[in-house]
Amino acid sequence: MKRIGYVVAILGVLVPAAFARDFGMPKLVPATSMTFKDPHPEEKVTFGVDPYDTPQKASLFRSAVLQHLILPVLVVFTNDGDETVVLTRANFQLVTRDRAKAEPYSLSDLRRVLTSVTAPGSRPQDRLPIPAPGRGKAHGGLSQSEMDELERASFAARAVEPHSSQQGFLFFDISGLNDPARGARLYVTGVNDAKGHELMYFEVPLSKE
């Protein structure tokens with residue numbers, strides 16, 4: 001009985017704590033220092049990406065994004081020039097190794113997918129090495145705090161000031177893909193300089209293959 005009481009006490013502490021933690025964006029690293037990037041030396045702008053395609057990296061989010069077949073991709077724009085880079089018309093498109101194309105989810109898309117799809121094994125108690133009520137069963141729902149977290153994480157920059165960087169996450173549908181980053185590339189068009197002239201498009205691989 002003492003052991004059972006101890007297990008229940010652990011669950012009572014660990015599970016709420018896992019959901020109560022504050023969300024924090026990754027430390028901002030200039031795109032010029034990222035592994036996957038497309039530098040434009042003449043335009044002095046670099047676009048970098050970092051796919052959060054493993055459970056360890058995706059654990060940054062309290063919502064079970066990977067289990068719901070959503071791939072978070074951290075994107076960073078770095079402007080080393082002396083003029084502002086405008087992103088109000090930027091368009092992002094993920095092209096998989098099979099040439100399938102996907103646009104980023106909107107916040108309303110994320111809410112719909114995360115509340116309508118159930119995923120076994122995505123709660124903190126499902127990952128504990130001890131039995132827990134409902135472990136391994138399908139479930140659903142999205143708390144307001146989880147939605148607020150996704151909104152805070154989403155890329156929303158409208159411009160990149162001179163000698164600075166902007167970052168945020170894009171979220172893509174990866175249903176039907178076992179290894180979504182392998183062979184995939186992220187394209188960006190519609191990035192303009194301060195005079196309204198469009199820069200050359202950016203193309204960045206999401207893996208080394």
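The values are calculated or read from the model by the stated rules, or taken from the named source; none is laboratory data. These figures come from a predicted structure and were not determined experimentally. Positions of Cβ are generated from backbone atoms using ideal geometry, with glycine treated the same way; all protein chains shown enter the neighbour counts.
Out of Pro72, Pro104, one residue alone is buried (at least 18 other Cβ atoms within 10 Å of the Cβ), at pLDDT 95 or above and not in a strand (DSSP E or B). It is Pro104. What is the number of the single condition among (1) touching a strand residue (DSSP E or B) at 6+ places or on another chain (Cβ under 8 Å); (2) at pLDDT below 95 that Leu87 does not meet? Leu87 satisfies all of (1) touching a strand residue (DSSP E or B) at 6+ places or on another chain (Cβ under 8 Å); (2) at pLDDT below 95 except (2). Restricting the range 148-180 to residues that are among the polar types (S, T, N, Q) and over 13 Å from Leu110 (Cα atoms), which is nearest to the chain's Cα centre (by Cα)? Among those that are among the polar types (S, T, N, Q) and over 13 Å from Leu110 (Cα atoms), it is Gln167. Looking across the range 163-209 at every residue that is outside any strand (DSSP E or B) and among the basic types (Lys, Arg), the one that is nearest to Asn79 (Cα to Cα) is identified as Lys195. Within the option set Phe155, Phe202, being closer than 18 Å to Asp53 by Cα and modelled with pLDDT of 90 or more holds for one residue only, Phe155. Residues that are surrounded by 20 or more Cβ atoms within 10 Å (Cβ to Cβ) and of a type in the set (Gly, Ala, Ser) were ranked within the range 138-188; the one that is nearest to Lys101 (Cα to Cα) is Ala184. The condition of being loosely packed, with under 13 Cβ neighbours inside 10 Å and modelled with pLDDT of 95 or more holds for Lys27. The listed residues are Val73, Val65, Val49, and the only one of them that is touching a Lys or Arg at 6+ places or on another chain (Cβ under 8 Å) and either under 21 Å from Pro180 (Cα atoms) or aliphatic (A, V, I, L, M) (or both) turns out to be Val49.
Contact annotation: residue pairs with Cβ atoms under 6 Å, 6 or more positions apart or on different chains, pairing a residue in the range 198-209 that is under 28 Å from Asn178 (Cβ atoms) with a partner that is crowded, with 18+ Cβ neighbours inside 10 Å and among the small types (Gly, Ala, Ser), are Leu206/Ala181; Leu206/Ala184; Ser207/Ala181. Kindly evaluate Asn91 against the criterion of being touching a Lys or Arg at 6+ places or on another chain (Cβ under 8 Å) and of a type in the set (S, T, N, Q). So Asn91 fails the test.
Could you grab the pairs with beta carbons closer than 8 Å, sequence gap of 6+ or different chains, first residue in the range 84-98 and in a loop (DSSP other than H, G, I, E, B) and crowded, with 16+ Cβ neighbours inside 10 Å, second one of a type in the set (Phe, Trp, Tyr) and at pLDDT 95 or above? These pairs meet every condition: Leu87/Phe77.
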